[in-house]
Amino acid sequence: MNASHSKLRALQQAATHYGITRDGHRIAFAVAGALDGVPVAVLHGGPGSASAMSVLARFDLARCRVVLIDQRGAGASRPRGSLRHNRTDRLVGDMEAVRERLGFARWGIVGGSWGAALALAYAGAQPQRVTGVVLRGLFLTSRREVRGLFIGSRGRAPHAWRALMRAAHCDRPAALVACCERALRQGAPWPRQRGVALAWRDYEDAVLASAHIGRPRGTARRTRTGHANALRLTKKYRIQAHYLTHDCWLGERRLLSLVRRAATNGIPLAAVHGMRDPVCPPGNLRRLARAVPNVRLTRVNAGHLGSESALAASLAEAIRAMFG
């Protein structure tokens, strides 16, 4: 076992796992760090992905009490892939229920990608409960961003994009997300669900890989996918398509209004963003700064993934500055 695997295993063993039940969903969350540390909730992206224990490495666990929440239908939460009562306001309610369960009067929020949008939505809805917000790779839940990923970025991975169009039985680029959403619904034929999920994964991986310096455009490492992993991916992208076809029940205008409400209530905001991010445009920082001039911005020579070393280091520094 190499050093990175040993460190990840140690982080996993340091966390205690819990769950609460709401609306027929079992919301899973894990807690790590000092019992008397500064409380901070971490929100994963997707929607539909899962918490990554590796994010604990960005924190000083001797000084922070970190809570990783798997959103409804995602990660260790059950039933996985369920769309019932699954929308943004319910996720905000789940966060409040976790905070109350743990007995925190207030806590900080860290979110990446979709998790950054959810962090801002929560801070705007519950400003009295938030000490500060740190964002990584801000997603503003706009149709402009979704078009950019599913239409504008097709030149980054043309073969994978065409494969996704075929899998979704889609003949119009503008309808691609809607076609994927229909194909991934529960009750749709399994071969079609599986085909769309794997094609979506391949396209997403290729677009993300295109931002890496030194890697040819449109390439990504591919591995064979067994049934269990295909089922996991199908449930992940079912939730993601569900959210994207509903503008995440937010949309850019409403989300920025919630940002302003959070800032007006005195919540400090910091954002770290890769300037080669092919998923969440770097221009999102300008939009955020226009809405909240006092936001602390850090621009990084990196792509989208929080695992990239430059982004990881900048995120850790932003967390230390906000909560340390």
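What to note about this one:
- Kirkwood Rh (inverse of mean 1/r, distinct Cα pairs), region 55-193, angstrom: 17.6
- Phi-based couplings in Hz for region 70-85 (Karplus 6.51, -1.76, 1.60; Gly and Pro marked x): 8, 5, 3, x, 10, x, 8, 6, 9, x, 5, x, 6, 9, 5, 6
- Inverse mean reciprocal Cα-Cα distance (Kirkwood Rh) of region 143-248, Å: 13.9
- Exposure proxy ranking for 134, 146, based on other Cβ atoms within 10 angstrom of each Cβ and starting from the fewest, stands as 146, 134.
- Among 164, 297, 208, a tally of other beta-carbon atoms within 10 Å of each Cβ gives an order, fewest to most, of 297, 208, 164.
- GNM flexibility winner over the chain from 272, 67, 292 (Cα, springs under 10 Å): 292
- Build a GNM of the chain with springs between Cα atoms under 10 Å apart, and of 112, 24, 46 the one that fluctuates most is 24.
- Taken along its three principal axes, the alpha carbon spread of the chain comes to 53, 43, 39 Å, from the longest extent down to the shortest.
- Whether region 259-324 is rounded, prolate or oblate, judged on the alpha carbon gyration tensor where a/c under 1.5 counts as rounded: oblate
- Karplus-based coupling profile of region 252-266, in residue order and whole Hz: 4, 4, 5, 4, 5, 5, 5, 4, 4, 5, 4, 5, 4, 8, x, with θ = phi - 60° in 6.51 cos²θ - 1.76 cosθ + 1.60 and x standing for Gly or Pro.
- Counting every C-alpha pair in region 196-324, the share spaced more than 23 angstrom apart comes to 48%.
- Cα convex hull, region 151-212: 67 Å³ per residue, rounded to a whole number.
- Relative contact order (%) - criterion: Cα under 8 Å, at least six apart; region: region 143-248: 31
- Across region 229-240, coupling constants 3J(HN,Hα) worked out from phi with the 6.51/-1.76/1.60 Karplus curve, θ = phi - 60°, read 5, 5, 5, 4, 5, 4, 5, 4, 6, 4, 5, 4 Hz, and Gly and Pro carry x.
- Fewest-first ordering of 138, 244, 269, 83 by other beta carbons within 10 Å of each residue's beta carbon gives 83, 244, 269, 138.
- Degrees, to the nearest 10: 158-167 long Cα axis against longest axis of the chain: 80
- Across the chain, the relative contact order, built from alpha-carbon pairs under 8 Å that are at least six residues apart, equals 19 percent.
- Largest mean-square fluctuation among 312, 197, 119, in a Gaussian network model of the chain whose springs join Cα atoms under 10 Å apart, belongs to 312.
- Residue-span extension gain [residue 162 to residue 144] - 0.36 nm each, minus C-alpha spacing: 4.4 nm
- Computed over region 1-156: relative contact order in percent, which uses C-alpha pairs under 8 Å that are six or more apart: 20
- For region 16-56, convex hull of alpha carbons as volume per residue, Å³: 92
- Alpha-carbon gyration tensor eigenvalues x 5, square-rooted, for region 1-134, Å: 22, 18, 13
Every read-out reported here was derived from the displayed coordinates using simple, explicitly stated rules and does not represent laboratory data. Note that the structure is a prediction, hence the values are computed from the model and not measured. All Cβ positions, glycine included, derive from the backbone under ideal geometry; neighbour counts span all protein chains shown.
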